[in-house]
Amino acid sequence: MFNKLFPNVELQDMITATNETLYMTIISVLGTLFLGIILGLLLFLSRPGGLWENKFLNWVTAAFVNVFRAIPFIILILLLFPFTDFLMGTIRGPKAALPALIIGAAPFYGRLVEIALREVDKGVVEAAKSMGAKNSTIIFKVLLKESMPALVSGLTVTAIALIGYTAVAGVIGAGGLGDFAYFYGFQRSDFDVVFVCTVLIVLIVFIFQFIGDILTRSLDKR
Amino acid sequence: MISIKELTKVFHTKDQDVTAVDHLDLNIQSGEIYGVIGYSGAGKSTFIRLLNRLEDPTSGSVTIDKQEITSMNKNDLRLARQEIGMIFQHFNLLWSRTVKDNIAFPLEIAKMPKEKREARVKELVELVGLKGRENAYPSQLSGGQKQRVGIARALANKPKVLLCDEATSALDPETTDSILDLLVDINEKLGLTIILITHEMHVIRKICHRVAVMENGKVVEQGDVLDVFLHPKRPVTKKFVDQVMGDPDQDHSLDLIHENYKSGKVLRLHFVGESTNQALISELSREFKIDLNILHGKITQTQKGAYGTLFVHVEGDQDEIERAQAYIQDTSVEVEVIPNVQ
Ligand SMILES: Nc1ncnc2c1ncn2[C@@H]1O[C@H](COP(=O)(O)OP(=O)(O)OP(=O)(O)O)[C@@H](O)[C@H]1O
Ligand SMILES: [Mg+2]
């Protein structure tokens, strides 16, 4: 039945491609989380009236975030070729896609982090100050903790965008479902392959969304 | 205990400079509940935030328990703040933490080990009457309960001073009273000095020992609550006193009294911080052959006893009435004959 409907689909190839997509997504989500939190914190803390108020730092971070958010992902990959080669020792395969994925997504997530932090009640930060909290305590135990639901839902949105980016990364032969759909499906006119790849990607997106929603809800005690 | 000298805060905004607190001097004694009252924009919040330097002063000094807060470096200030509790109008609890963990937060900041922390939190939960609600999240609590968590949290590190910025302004009258009772309770139990900001004279009347009236960043009048109630000097103060003592029916009532009581005498009794003469009326009717008829009045309770005015009609033998009057004069209740009767 399956073989009749999808004569060109090899199960083993599909599993490999799915694994590559998952690998790229998960590692790049982790990288984006880390870098995005740092960028978001820098943006938020260096603002006028912030804990580390600093015009220069604020300007530099904002410039970095805005520039990298403005570059279309496909161009970012090409632009980062030399950097990727230097960092990863290769410009092909799932690993090679990671720098571009993370640098492409982190500024976006950084902005979401900044927005989330701005939503934290100023009064609560003030209360922590009045108790004699250090800045590090305020950052980790108040700001990041209180904005957790927004940080997670923002990460969910970013992760789903990243799944899309992994497919685009196919152009450098990054592997994964997007790559597979293009080279083995589209180019050979085996549209059943394209179709199965699409279903798998949609499935992955749904799973990420589902997990993200559950996490957000369980964290939100407001 | 707390000494404030020439304290000034100027906010520089784009189009103007605002002097929120203006060369303010104040001394607050250990163990007292000190109220600061003023209308919106008087600079009350700015003033209290200067005390623990949530706002840095433009000039002047604040000394709490011999430590000069205003000259401290960042780290000393952090440590000093651990000994100054603060509660807020909007409670400012961490919604991601349970009641228990909210109360434990200042203890974490002070690096208290976990086992000790748990024991201390338990004590505090009992002190503020929240037993059984330890594991609730703030969103599951009423306003009054939230403020109790705020108070427990502020007391966690056994502070010497508690700062309250409009701590009851977001609560209904009944809940306000229960929170004020709690504040009096901890003031007595722990000997805590409390500084309390409000725009409601009712709050001052109910729990404060002394009061300062603020206007345009300055203290325009201060003293014992009862003195301020009895002899308000400034127009602002009079307005505030009227908030609780104001008796809009009094004039109308007096007119009716004049019409209706053509014989006997109408006396005005002024109670000024009475605690000993509260049974005065029953004493009078027992000791003298007179009939007493309560006509009109308003008596309120302050920390220093009853305060207010009572109009009574006295019927009886002329001499007997005069003897009763003399008797009252020997107590601390002020008495005055309302003319125009007879
Ligand atoms: N951060 C700030 N920047 C500029 N001006 C400020 C700032 N904070 C307070 N002010 C000004 O200082 C004055 C006193 O404000 P403050 O909040 O201390 O008044 P308040 O007595 O607490 O009033 P309310 O009863 O409304 O809380 C006001 O004119 C206010 O506009
Ligand atoms: Mg205020």
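The values are calculated or read from the model by the stated rules, or taken from the named source; none is laboratory data. If you're wondering where the values come from, they're calculated on a predicted model, not measured in any experiment. Here Cβ is always computed from backbone atoms with ideal geometry, including for glycine, and neighbour counts include all displayed protein chains. Note: accessible area is taken over every heavy atom of the protein model, side chains too, but ligands, DNA and RNA are not part of it. Shrake-Rupley method; radii C 1.70, N 1.55, O 1.52, S 1.80 Å.
Return the total of residues in the stretch B:160-183 being among the hydrophobic types (A, V, I, L, M, F, W, C) and either assigned by TED's automatic domain parsing to the domain that holds residue B:303 or away from ligand 2 (no atom under 16 Å from the Cβ) (or both). Before the answer, list the steps.
Just the residues of the stretch B:160-183 that are among the hydrophobic types (A, V, I, L, M, F, W, C), to begin with: B:161-164, B:167, B:170-171, B:179-180, B:182-183.
Add one more test, that the residue is either assigned by TED's automatic domain parsing to the domain that holds residue B:303 or away from ligand 2 (no atom under 16 Å from the Cβ) (or both), and what stays is B:161-162, B:179-180, B:182-183.
The total comes to 6.
So for the stretch B:250-271 (the condition being open to solvent by 20 Å² or more (accessible area, probe 1.4 Å) and touching a Lys or Arg at 6+ places or on another chain (Cβ under 7 Å)), does at least one residue qualify?
First, pick out the residues of the stretch B:250-271 that are open to solvent by 20 Å² or more (accessible area, probe 1.4 Å): B:250-256, B:258-263, B:265, B:268, B:270.
If we keep only those that are touching a Lys or Arg at 6+ places or on another chain (Cβ under 7 Å) as well, we get none.
No.
Against the condition crowded, with 21+ Cβ neighbours inside 10 Å, under 22 Å from residue B:156 (Cβ atoms) and either more than 14 Å from chain A (Cβ to nearest Cβ) or in contact with a Pro (Cβ under 8 Å, 6 or more places away or on another chain) (or both), how does residue B:37 come out, does it pass?
no
Only residues in the stretch A:43-54 that are hydroxyl-bearing (Ser, Thr, Tyr) count as the first member; pair them with residues that are open to solvent by 70 Å² or more (accessible area, probe 1.4 Å), Cβ under 7 angstrom, at least 6 apart or cross-chain, and list the lot.
A:46/A:52; A:46/A:53
Between A:136, A:130, which is free of Cβ contacts under 8 Å to residues at least 40 places away in the same chain and surrounded by fewer than 16 Cβ atoms within 10 Å (Cβ to Cβ)?
Values: A:130 fails: surrounded by fewer than 16 Cβ atoms within 10 Å (Cβ to Cβ).
Answer to the selection: A:136.
How do the pairs read when you match residues in the stretch A:177-200 that are polar (S, T, N, Q) with residues anywhere that are open to solvent by less than 30 Å² (accessible area, probe 1.4 Å) and in a helix (DSSP H, G or I), using Cβ under 8 Å and keeping only pairs 6 or more apart or on different chains?
From residues that are polar (S, T, N, Q), the pairs are A:198/A:181.
Counting only residues that are touching a residue at least 60 places away in the same chain (Cβ under 8 Å) and in a helix (DSSP H, G or I), which one in the stretch B:231-249 is most open to solvent (accessible area, probe 1.4 Å)? Give the derivation first.
Of the stretch B:231-249, the ones touching a residue at least 60 places away in the same chain (Cβ under 8 Å) are B:236, B:240, B:245, B:247.
Subsequent filtering for residues that are in a helix (DSSP H, G or I) retains B:236, B:240, B:245.
Numbers: B:236: 14, B:240: 2, B:245: 30 Å².
In this case the residue turns out to be B:245.
Write out, first by first residue and then by second, each pair whose Cβ atoms fall under 8 Å of each other, whose residues are 6+ apart or on separate chains, and whose first residue, in the stretch B:301-325, is part of a helix (DSSP H, G or I) while the second is among the β-branched types (Val, Ile, Thr) and surrounded by fewer than 16 Cβ atoms within 10 Å (Cβ to Cβ).
Between residues of the stretch B:301-325 that are part of a helix (DSSP H, G or I) and residues that are among the β-branched types (Val, Ile, Thr) and surrounded by fewer than 16 Cβ atoms within 10 Å (Cβ to Cβ), the close pairs are B:325/B:337.
So which residues in the stretch B:1-34 are among the acidic types (Asp, Glu) and either in contact (Cβ under 8 Å) with a residue 12 or more places away in the chain or open to solvent by less than 10 Å² (accessible area, probe 1.4 Å) (or both), if there are any at all? Can you show your working first?
Within the stretch B:1-34, the first condition is being among the acidic types (Asp, Glu), and the residues that meet it are B:6, B:15, B:17, B:22, B:25, B:32.
B:6, B:22, B:25, B:32, listed by residue number.
In the stretch B:60-104, which residues are within 11 Å of chain A (Cβ to nearest Cβ) and polar (S, T, N, Q)?
The answer is B:75, B:82, B:89, B:92, B:96, B:98, B:102.
I need the helices (runs of 4 or more DSSP H) fully contained in the stretch B:131-224, keeping only those with at least 2 residues that are within 11 Å of the chain's Cα centre (by Cα) and away from chain A (no Cβ under 14 Å). Walk me through it before giving the result.
Working: elements: B:143-155, B:173-190, B:201-207.
Of the helices (runs of 4 or more DSSP H) lying wholly inside the stretch B:131-224, those with at least 2 residues that are within 11 Å of the chain's Cα centre (by Cα) and away from chain A (no Cβ under 14 Å) span B:173-190, B:201-207.
When you scan the stretch B:31-38, do you find a residue that is of a type in the set (Gly, Ala, Ser), within 16 Å of ligand 2 (Cβ to nearest atom) and touching a helix residue (DSSP H, G or I) at 6+ places or on another chain (Cβ under 9 Å), even just one?
Of the residues in the stretch B:31-38, the ones of a type in the set (Gly, Ala, Ser) are B:31, B:35, B:38.
Those left that are additionally within 16 Å of ligand 2 (Cβ to nearest atom): B:35, B:38.
Among the residues that remain, those that are also touching a helix residue (DSSP H, G or I) at 6+ places or on another chain (Cβ under 9 Å) are: B:35, B:38.
Yes, because at least one residue in the stretch B:31-38 is of a type in the set (Gly, Ala, Ser), within 16 Å of ligand 2 (Cβ to nearest atom) and touching a helix residue (DSSP H, G or I) at 6+ places or on another chain (Cβ under 9 Å).
Take the conditions more than 30 Å from residue A:174 (Cα to Cα), of a type in the set (Lys, Arg) and within 23 Å of the chain's Cα centre (by Cα) and apply them to residue A:92. Does it pass? I'd like the intermediate steps shown before the answer.
On the way: more than 30 Å from residue A:174 (Cα to Cα): no; of a type in the set (Lys, Arg): yes; within 23 Å of the chain's Cα centre (by Cα): yes.
When the stated conditions are applied, residue A:92 does not pass them.
Counting just the residues of the stretch B:47-69 that are in contact (Cβ under 8 Å) with a residue 60 or more places away in the chain and closer than 18 Å to residue B:10 by Cα, which one comes out farthest from ligand 2 (Cβ to nearest atom)? Step through it out loud before you land on a result.
Applying the first criterion (in contact (Cβ under 8 Å) with a residue 60 or more places away in the chain) to the stretch B:47-69 yields B:47-49, B:51-52, B:62-65.
Applying the additional criterion that residues be closer than 18 Å to residue B:10 by Cα yields B:47-49, B:51-52, B:62.
Details: B:47: 9, B:48: 8, B:49: 9, B:51: 14, B:52: 15, B:62: 18 Å.
Ranking the qualifying residues of the stretch B:47-69, first place goes to B:62.
Just to check your reading of the model, which residue among B:118, B:134, B:68 is under 24 Å from residue B:193 (Cα atoms) and of a type outside the set (Lys, Arg)? Don't jump to the end; show me each part of the working.
Details: B:118 fails: under 24 Å from residue B:193 (Cα atoms); B:134 fails: under 24 Å from residue B:193 (Cα atoms).
Selected residue: B:68, the only one of B:118, B:134, B:68 that is under 24 Å from residue B:193 (Cα atoms) and of a type outside the set (Lys, Arg).
Taking the stretch B:120-130 as the region of interest, how many residues are assigned to a helix (DSSP H, G or I), of a type in the set (Val, Ile, Thr) and closer than 21 Å to residue B:177 by Cα? Don't jump to the end; show me each part of the working.
Initial filter on the stretch B:120-130 (assigned to a helix (DSSP H, G or I)): B:120-127.
If we keep only those that are of a type in the set (Val, Ile, Thr) too, we end up with B:121, B:125.
Now drop any that are not closer than 21 Å to residue B:177 by Cα, which leaves B:125.
Summing the residues that are assigned to a helix (DSSP H, G or I), of a type in the set (Val, Ile, Thr) and closer than 21 Å to residue B:177 by Cα in the stretch B:120-130 gives 1.
I'd like to verify a number: residues in the stretch B:105-119 that are open to solvent by 30 Å² or more (accessible area, probe 1.4 Å) and either outside any loop (DSSP other than H, G, I, E, B) or facing chain A (nearest Cβ under 7 Å) (or both), how many?
To start, the set of residues in the stretch B:105-119 that are open to solvent by 30 Å² or more (accessible area, probe 1.4 Å) comprises B:108, B:110-119.
Within this subset, residues satisfying the condition of being either outside any loop (DSSP other than H, G, I, E, B) or facing chain A (nearest Cβ under 7 Å) (or both) are B:108, B:114-119.
The number of residues fulfilling the criteria is 7.
Can you tell me which residue within the stretch B:40-59, out of those that are charged (D, E, K, R) and within 11 Å of chain A (Cβ to nearest Cβ), is surrounded by the most Cβ atoms within 10 Å (Cβ to Cβ)? Quick ask: steps written out before the conclusion?
Going through the stretch B:40-59, the residues charged (D, E, K, R) turn out to be B:44, B:49, B:53, B:55-56.
Of the ones still in play, those that are also within 11 Å of chain A (Cβ to nearest Cβ) are B:49, B:53, B:55.
Numbers: B:49: 22, B:53: 19, B:55: 17.
Taking the candidates together, the pick is B:49.
Which ranges mark the helices (runs of 4 or more DSSP H) fully within the stretch A:116-193 that have 3 or more residues being more than 12 Å from chain B (Cβ to nearest Cβ)?
Working: elements: A:122-130, A:148-168, A:176-180.
So the answer is A:148-168, A:176-180.
Looking only at the stretch B:151-178, which residues are surrounded by fewer than 20 Cβ atoms within 10 Å (Cβ to Cβ) and of a type in the set (Val, Ile, Thr)?
The answer is B:175, and nothing else.
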